[in-house]
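Undergrad: Would you mind keeping the following structure in view while I ask a few things?
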Amino acid sequence: MLPVLVTGGAGYIGSHTCKALARAGFTPIAVDNLVHGHGWAVKWGPLEQGDIGDRAFMDRVFARYRPVAVLHFAAFIAVGESVADPQKYYGNNVAGTLTLLSAMRAAACERIVFSSTAAVYGEPMQVPIAEAHPLAPVNPYGRSKLMIEQMLRDFDHAYGTGSICLRYFNAAGADPDGELGEEHDPETHLIPLAVGAALGKRPPLKIFGDDYDTPDGTALRDYIHVTDLAGAHVLAVKRLLDGECSEAYNLGTGTGNSVREIVDAVHRVSGKEVPYDFAPRREGDAARLVASAEGAKAALGWQPKYTDIETIVKTAWRWHAAR
Ligand code: UDP
């Protein structure tokens, strides 16, 4: 079983990827400071609790496990917070990644899959968004992720560090076996908030904006199931182990669903109404964000399995209803 390091391995997408890695015959070593991650989500390999920005800690982890590759999820991800406190985002995301990359070089670990985001594109000039779309992030979170992508290209050029950047659209859903799910604090994402409102565990949902230029006036997003994201990471590691390459790929289904369609899907899946109110648009929200994921399909042989929004919402519903 080849060891791979998974930073942020106790987080939402990281933990699902650890499960997928174990199923594919790797040993995932989760590195997580547990600021937002959950110890209970680390089930498929050891947990090393610490910070990617702590060089001595990272050196010890590399020396102990000798990983063949790194999957790098650890990051702060809240757009609004990144605007209010950019130092926190550039410090953890950018400076933390530089320390991680330095530790990798010192340990002669030369392959990394990076958790990037559709936020690197900024306001879309056309949809679906392909990788060739201009990169113009509109907030510090997106800029921190783009800076890391640029660092990775420079590291490949200078030191031969192979990297694949995976630009996620809207990660959604939960492990179909019910072993893992989404648990952010504070929660800002639509599906868990809508499910929580239907369960009566959260206040009525606020739908941000009903006056977008979309069929029902609410914003369109490309919801991609977390297990499909996890599968793409396994394929990306294998691709890097097969040979040198540095690329960036979108991960989405290519379908846009509106906020109203999500509310309807939660209703259909659960049989419960989602109480909601309309609220003004959220600052910085685009009307439509839909991926072209043809690059990942062609280069990695990736094919999302959970392409139907009702199925995606059903896995989320089962997870939240059982908690
Ligand atoms: N959204 C909403 N109410 C909420 C949270 C989100 O209407 O309480 C909308 C948001 O404006 C966006 C979509 O749901 O159009 C998805 O938002 P989310 O925060 O889940 O992901 P993002 O697209 O911001 O990455």
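Undergrad: Checking G196 against (1) within 9 Å of the ligand (Cβ to nearest atom); (2) part of a helix (DSSP H, G or I); (3) small (G, A, S): exactly one of these is not met. Which one?
TA: If we test G196 against (1) within 9 Å of the ligand (Cβ to nearest atom); (2) part of a helix (DSSP H, G or I); (3) small (G, A, S), just (1) comes out false.
Undergrad: Oh, and also: Select from the range 271-286 the residues that are farther than 15 Å from L190 by Cβ and modelled with pLDDT of 95 or more and list them in ascending order.
TA: If the condition is that a residue be farther than 15 Å from L190 by Cβ and modelled with pLDDT of 95 or more, then G271, K272, E273, P280 are the ones that fit.
Undergrad: Now a separate question. Mind counting the residues in the range 281-304 that are within 10 Å of T253 (Cβ to Cβ) and more than 16 Å from the ligand (Cβ to nearest atom)?
TA: 2
Undergrad: Considering each residue of the range 100-128, count those that are more than 16 Å from the ligand (Cβ to nearest atom) and within 21 Å of the chain's Cα centre (by Cα), and give that number.
TA: Counting residues in the range 100-128 that are more than 16 Å from the ligand (Cβ to nearest atom) and within 21 Å of the chain's Cα centre (by Cα) gives 6.
Undergrad: May I pose another question? So which of D210, D228, D185 is modelled with pLDDT under 95 and not aromatic (F, W, Y)?
TA: Of the residues listed, the single one that is modelled with pLDDT under 95 and not aromatic (F, W, Y) is D185.
Undergrad: In the set T17, T27, which member is touching a Gly at 6+ places or on another chain (Cβ under 6 Å) and not hydrophobic (A, V, I, L, M, F, W, C)?
TA: T27
Undergrad: Does the range 169-181 hold any residues that are more than 9 Å from the ligand (Cβ to nearest atom) and open to solvent by 10 Å² or more (accessible area, probe 1.4 Å), and which are they?
TA: D175, P176, D177, G178, E179
Undergrad: Regarding the range 13-23, can at least one residue be identified that is closer than 27 Å to A172 by Cα, open to solvent by less than 10 Å² (accessible area, probe 1.4 Å) and outside any helix (DSSP H, G or I)?
TA: Checked against the condition, which is being closer than 27 Å to A172 by Cα, open to solvent by less than 10 Å² (accessible area, probe 1.4 Å) and outside any helix (DSSP H, G or I), the range 13-23 yields no hits at all.
Undergrad: Out of curiosity, is V266 farther than 30 Å from A84 by Cα, open to solvent by less than 10 Å² (accessible area, probe 1.4 Å) and either without any contact (Cβ under 8 Å) to a residue 40 or more places away in the chain or within 13 Å of the ligand (Cβ to nearest atom) (or both)?
TA: So V266 passes the test.
Undergrad: Sort through T188, T227 and tell me the only one that's more than 8 Å from the ligand (Cβ to nearest atom), under 15 Å from the mean Cα position of the chain (by Cα) and open to solvent by 40 Å² or more (accessible area, probe 1.4 Å).
TA: T227
Undergrad: For the range 152-163, indicate whether the set of residues that are more than 9 Å from the ligand (Cβ to nearest atom), without any contact (Cβ under 8 Å) to a residue 40 or more places away in the chain and not acidic (D, E) is non-empty.
TA: Scanning the range 152-163, I find at least one residue that is more than 9 Å from the ligand (Cβ to nearest atom), without any contact (Cβ under 8 Å) to a residue 40 or more places away in the chain and not acidic (D, E), so the answer is yes.
Undergrad: Just to be sure, is G53 closer than 24 Å to Y168 by Cα, open to solvent by 30 Å² or more (accessible area, probe 1.4 Å) and not hydrophobic (A, V, I, L, M, F, W, C)?
TA: Yes: the conditions hold for G53.
Undergrad: I would also like to ask the following. For the range 199-222, give me each residue that is assigned to a strand (DSSP E or B) and surrounded by fewer than 20 Cβ atoms within 10 Å (Cβ to Cβ).
TA: Result: K206, F208.
Undergrad: Restricting attention to the range 283-323, which residues are over 18 Å from the mean Cα position of the chain (by Cα), outside any helix (DSSP H, G or I) and buried (at least 16 other Cβ atoms within 10 Å of the Cβ)?
TA: Once the filter is applied, which keeps residues that are over 18 Å from the mean Cα position of the chain (by Cα), outside any helix (DSSP H, G or I) and buried (at least 16 other Cβ atoms within 10 Å of the Cβ), the range 283-323 yields A286, A287, R288.
Undergrad: Just give me the residues in the range 129-147 being under 11 Å from S116 (Cα atoms) and either over 15 Å from the mean Cα position of the chain (by Cα) or at pLDDT below 95 (or both), in sequence order.
TA: R143, M147
Undergrad: Given the structure, is E261 more than 15 Å from the ligand (Cβ to nearest atom), more than 26 Å from G37 (Cβ to Cβ), outside any loop (DSSP other than H, G, I, E, B) and not hydroxyl-bearing (S, T, Y)?
TA: No; evaluated as a whole, the condition is false for this residue.
Undergrad: To continue, here is another question. Taking the stated definitions as given, is V259 open to solvent by 10 Å² or more (accessible area, probe 1.4 Å), in contact with a Ser or Thr (Cβ under 7 Å, 6 or more places away or on another chain), β-branched (V, I, T) and touching a residue at least 24 places away in the same chain (Cβ under 8 Å)?
TA: Yes: the conditions hold for V259.
Undergrad: Can you go through V83, V70, V4, V31 and tell me which one is open to solvent by 30 Å² or more (accessible area, probe 1.4 Å), under 23 Å from T117 (Cα atoms) and either part of a helix (DSSP H, G or I) or not acidic (D, E) (or both)?
TA: Matching residue, one of V83, V70, V4, V31: V83.
Undergrad: For the condition under 24 Å from E149 (Cβ atoms), exposed (fewer than 15 other Cβ atoms within 10 Å of the Cβ) and of a type in the set (D, E), what is the one hit in E244, E273?
TA: After ruling out the rest, the residue left standing is E244.
The values are calculated or read from the model by the stated rules, or taken from the named source; none is laboratory data. Quick caveat: nothing in here was measured; it's all calculated off a predicted structure. We place every Cβ from the backbone using ideal geometry, glycine too, and count neighbours over all the protein chains shown. The accessibility values were calculated without ligands, DNA or RNA, using every heavy atom of the protein model including side chains. Shrake-Rupley method; radii C 1.70, N 1.55, O 1.52, S 1.80 Å.
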